[in-house]
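Take a look at the structure set out below.
The values are calculated or read from the model by the stated rules, or taken from the named source; none is laboratory data. Just so it is clear, the model here is predicted, and its values are computed rather than measured. Ideal geometry is used to build each Cβ from the backbone, glycine not excepted, and the neighbour counts take in all protein chains shown. For the accessible areas, the whole protein counts, side chains as well, though only heavy atoms, and no ligand, DNA or RNA atoms are used. Shrake-Rupley method; radii C 1.70, N 1.55, O 1.52, S 1.80 Å.
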Amino acid sequence: MEKEGIVSVWAGVFESEEALLEYAAEEYFDDEGNEVVSPFSRDFFDGEIWAFDPDFWERGFREMTTDPKTLVFHFSEGTTVGEGLQECFPEGLGDACNAAILVYNYEYDGNADVPSAPVRFLAAVPYE
């Protein structure tokens, strides 16, 4: 649900930045020009095209890491988000990740465990 000052964070592994952007597409249209739900929205938002404000999210690809701060450092609110994630994962993320999706002003409260998804929900943390 929308919540000012909270960012929900997902992390996973992708072969390339293009694969990440295809999974978490900003706009996704079929051959007839109809807007299609992105795989990310299907996996975590029950197929709703925009369950969150599409102006307030970021996706990024980087080197493999288990350090939550390193994973999100390059995002616009990366330092603050990294500190919040570090509190949730003081021993690291466990599995190494090379991609993150951040949805700002949104506190995810859905199914965090979607085995078929290439990302997993990490946490919703303050960013201001």
Subject >> Rg(Cα)/(2.2 N^0.38 Å) for the chain, N = residue count >> reply: 1.00
Original post:
Size of the dipole of the chain about the Cα centre, Lys and Arg at +1 and Asp and Glu at -1 on the beta carbon, nothing else charged, in debye to 20?
Top reply: 520
**OP:** Please list the equivalent ellipsoid semi-axes of the range 1-69, computed as the square roots of five times the alpha-carbon gyration tensor eigenvalues, in descending order and whole angstrom.
**Re:** 22, 18, 10
**OP:** Within 10 Å, count the other beta carbons around each residue, average over each peptide in 89-100, 1-12, and list them highest first.
**Re:** 1-12, 89-100
**OP:** For the chain, with all protein chains present and a 1.4 Å probe, just round the carbon and sulfur fraction of the accessible area to a whole percent.
**Re:** 45
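Which order do the peptides 30-36, 46-52 come out in when sorted by mean C-beta neighbours inside 10 angstrom, highest first?
46-52, 30-36
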**OP:** Can you work out the accessible area per residue across the chain, with the rest of the protein chains kept in place, probe 1.4 Å, in square angstrom?
**Re:** 54
Subject >> If the convex hull is drawn through the Cα atoms of the range 60-110, its volume per residue in Å³ >> reply: 85
Subject >> Positive dipole terminus of the range 74-127, leading residue within 85, 127, 97 (C-beta point charges) >> reply: 97
Original post:
Based solely on its DSSP helices, what 222 nm [θ] is calculated for the chain when runs of n ≥ 4 H residues each add -39,500 (n - 2.57) and the sum is averaged over all residues, nearest 500 deg cm²/dmol?
Top reply: -6000 deg cm²/dmol
**OP:** With an 8 Å cut-off on Cα pairs and a minimum separation of 6 or more residues, tell me the relative contact order of the chain in percent.
**Re:** 44
Subject >> Folded to 0 to 90 degrees: helix 78-88 orientation relative to the chain principal axis, Cα >> reply: 70
